[in-house]
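K.L.:
The structure's right below; bear with me while I get my questions together.
What follows is calculated from the coordinates using simple rules that are stated; it is not laboratory data. Keep in mind that what you see is a predicted model, and the values were worked out from it rather than measured. As a convention, Cβ positions derive from the backbone with ideal geometry for all residues, glycine included, and neighbour counts pool all protein chains shown.
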Amino acid sequence: MEVIYLDSWFALNLLCDYLLCLLTGRIAGLCLKRRRYLLAALLGSLYACAVYVPGLGFLAAPGWRLLCGGAMAAIAYGCEARPLRCAGLFFAVAAAFGGSLSLLSAPGGGLLRLSFGSLATAFALCYGLGSLLFRWQNRFQSRGLHRVEMGVGGRSVCFSALHDTGNSLSDPLSGARVMAVSPRALAPLFGEEAALLRERDPVLLLEKSGHSPVWKGRLRLLPFSALGGGGLLPVFRPDALRLDGEERRDLLVAIAPEAAGEGFEGIV
């Protein structure tokens, strides 16, 4: 008779499920949302323990497993642009890990008898392979998308930006390059003041931002010209900006509604 200690089983599944969510997000090229992954892992570990509670053995049926997996995927990736694609990838990664880890199970079946050290080592290796896969895919198969992480006034945001070789927008004063970003992507940085982003007149936007304790004096206007004409763009320098994990201090950010498209929220 196999004895199961629920506290250890809970911790083991919490670690496994969290790393599965993390690896899926990494392979998919997502901006990692670790708190959502932790919540999804918490649900998965509670389910794994509930299966062994007397009277709840029916939860081990395949239908309940799929339901729990779907709920975990919804928590972890429900806010992404392509949640169904992420959910499918999550199930694929989980199946691959399940198949590989089953090779390490004890003879005669039963629970996997793995130490935390060996499990952590296995996941670290798989995470490294997944990261290499993501880098290869991003370099050779993507449309030139970059992961952008930005912070202003204690708030942060993460989104994808399209690399455009024809983007020559720059600041005439400092010579810094300018990345155009859609208002929708910048909304988390503005928080309760996100209504400012609905102002399409850049002069009025600059004027209204003067009443904000965070944005007062931060925004200024940048003249630009294009084939369709010219105008002014509100620009600012974020407190922190990373492009594909690399810190960049040579980029300004312009608020541009036209900078969004399929799969990206900015142009760099």
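K.L.:
Let me know the charge dipole size of the stretch 145-267 about its Cα centre in debye, to the nearest 20, where only the beta-carbon of Lys, Arg (+1) and Asp, Glu (-1) is charged. Kindly include the intermediate steps, with their values, before the conclusion.
P.N.:
On the way: 14 positive and 16 negative charges, 57 e Å.
The calculation lands at about 280 debye.
K.L.:
Then there is this: Could you give the size of the charge dipole of the stretch 1-59 about its Cα centre, using +1 on the Cβ of each K and R and -1 on the Cβ of each D and E, expressed in debye and rounded to the nearest 20?
P.N.:
That gives the stretch 1-59 a dipole magnitude of about 460 debye.
K.L.:
Could the peptides 179-186, 249-256 be put in order, highest first, of the mean number of other beta-carbon atoms found within 10 Å of their residues? Numbers along the way, then the final one.
P.N.:
Values: 179-186: 22.5, 249-256: 18.1.
Sorting 179-186, 249-256 by mean packing, highest first, produces 179-186, 249-256.
K.L.:
Turning to a different aspect of this structure: Starting from the exponent 0.38 and prefactor 2.2 Å, build the expected Rg for the stretch 145-267 from its residue count and divide its actual Cα Rg by it. Working shown, then result.
P.N.:
Working: Rg = 13.4 Å, N = 123, 2.2 N^0.38 = 13.7 Å.
Ratio of Cα Rg to 2.2 N^0.38 Å: 0.98.
K.L.:
Please identify every one of the chymotrypsin sites (Phe, Trp or Tyr not before Pro) in the stretch 174-268 that sits in a loop by DSSP and has no more than 10 other beta carbons within 10 Å of its own beta carbon. Could the numbers behind the result be given before it?
P.N.:
Values: sites: 190, 215, 224, 236, 264; in loops: 215.
When the chymotrypsin sites (Phe, Trp or Tyr not before Pro) of the stretch 174-268 are filtered for loop state and at most 10 Cβ neighbours within 10 Å, nothing remains.
K.L.:
I would also like to ask the following. Provide the packing ranking of 86-94, 7-15, i.e. peptides ordered by the mean count of other C-beta atoms within 10 Å per residue, highest first. Don't jump to the answer; show the numbers that get you there.
P.N.:
Numbers: 86-94: 18.9, 7-15: 14.8.
Order by mean packing, descending: 86-94, 7-15.
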